[in-house]
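The values are calculated or read from the model by the stated rules, or taken from the named source; none is laboratory data. Bear in mind the structure is a predicted one, so any value in this text is a computation, not a measurement. Don't worry about glycine lacking a Cβ; one is built from the backbone with ideal geometry, like all the others, and counts go over all protein chains shown. Quick note on the areas: whole protein, heavy atoms, side chains included, nothing else; ligands and nucleic acids left out. Shrake-Rupley method; radii C 1.70, N 1.55, O 1.52, S 1.80 Å.
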Amino acid sequence: MSRIGNNPVAIPEGVTVDVKDNTVTVKGKLGELTQNFDTVKIKVEDGSIWVTRSADTKEQKAKHGLYRSLMDNMIEGVSNGWTKKLELVGVGYRASNQGQKLDLALGFSHNIVLDIAPEVNIETITEKGKNPIVKLTSHDKQLVGQVAAKIRGFRRPEPYKGKGIKFVGEILRRKAGKSA
């Protein structure tokens, strides 16, 4: 029995949900998301979405809570949006953007220029004396996470000095250096 899957998903004011042949379309003030959900039954009633299993197979049990969480994330995204912040820690590490192009200087012999998907809004924050921050915002949680992971993958934080690209608020496991 899935505890998360049995909870209803509340539909806030200003969000519309359409269900056709297990394809859910969610529209809100920030955008529109569509996702196909197989092996479960979806009902919209009394301002809530209910996800139920048609049988108790292992596959349906595994996906019951997942599909409920995905719908909750879709509704949260079109009503409030999702944000990820990345911090560049290191001497000479810089970030700037022009439109949807992100330019990163990460200590390599050349800058890394990355084209960001049009659904993701990008903002670079540079203050004197602080590490540069890259702020990603979108209505699609999966897309924001994927773009953030791609940016972080260019220079993962290393455990000795902590240099690299990390999420704001992320706690890194540090190691002691050589003992002389």
TODO: Kindly establish whether V40 is free of Cβ contacts under 8 Å to residues at least 40 places away in the same chain, open to solvent by less than 20 Å² (accessible area, probe 1.4 Å) and either under 16 Å from N6 (Cα atoms) or of a type outside the set (S, T, Y) (or both).
DONE: yes
Here the residues within region 137-168 that are free of Cβ contacts under 8 Å to residues at least 40 places away in the same chain, open to solvent by less than 70 Å² (accessible area, probe 1.4 Å) and either within 17 Å of V89 (Cα to Cα) or touching a His at 6+ places or on another chain (Cβ under 9 Å) (or both) are A149, G153, E158, P159
Item to complete: Using the structure shown, decide if G65 is within 30 Å of K150 (Cβ to Cβ) and part of a helix (DSSP H, G or I).
Response: yes
* To do: Could you check, for region 37-49, whether at least one of its residues is part of a strand (DSSP E or B), of a type outside the set (G, A, S) and under 23 Å from the mean Cα position of the chain (by Cα)?
  => yes
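K85: within 30 Å of E170 (Cα to Cα), under 22 Å from the mean Cα position of the chain (by Cα) and either of a type in the set (A, V, I, L, M, F, W, C) or exposed (fewer than 13 other Cβ atoms within 10 Å of the Cβ) (or both), yes or no?
Spelling it out, it is not the case that K85 is within 30 Å of E170 (Cα to Cα), under 22 Å from the mean Cα position of the chain (by Cα) and either of a type in the set (A, V, I, L, M, F, W, C) or exposed (fewer than 13 other Cβ atoms within 10 Å of the Cβ) (or both).
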| said: Could you go through region 17-35 and let me know if any residue there is open to solvent by 30 Å² or more (accessible area, probe 1.4 Å), in a loop (DSSP other than H, G, I, E, B) and farther than 30 Å from P118 by Cβ. | reply: no
- Task: Determine, yes or no, whether G14 is farther than 17 Å from S54 by Cα and either basic (K, R) or over 21 Å from the mean Cα position of the chain (by Cα) (or both).
- Result: yes
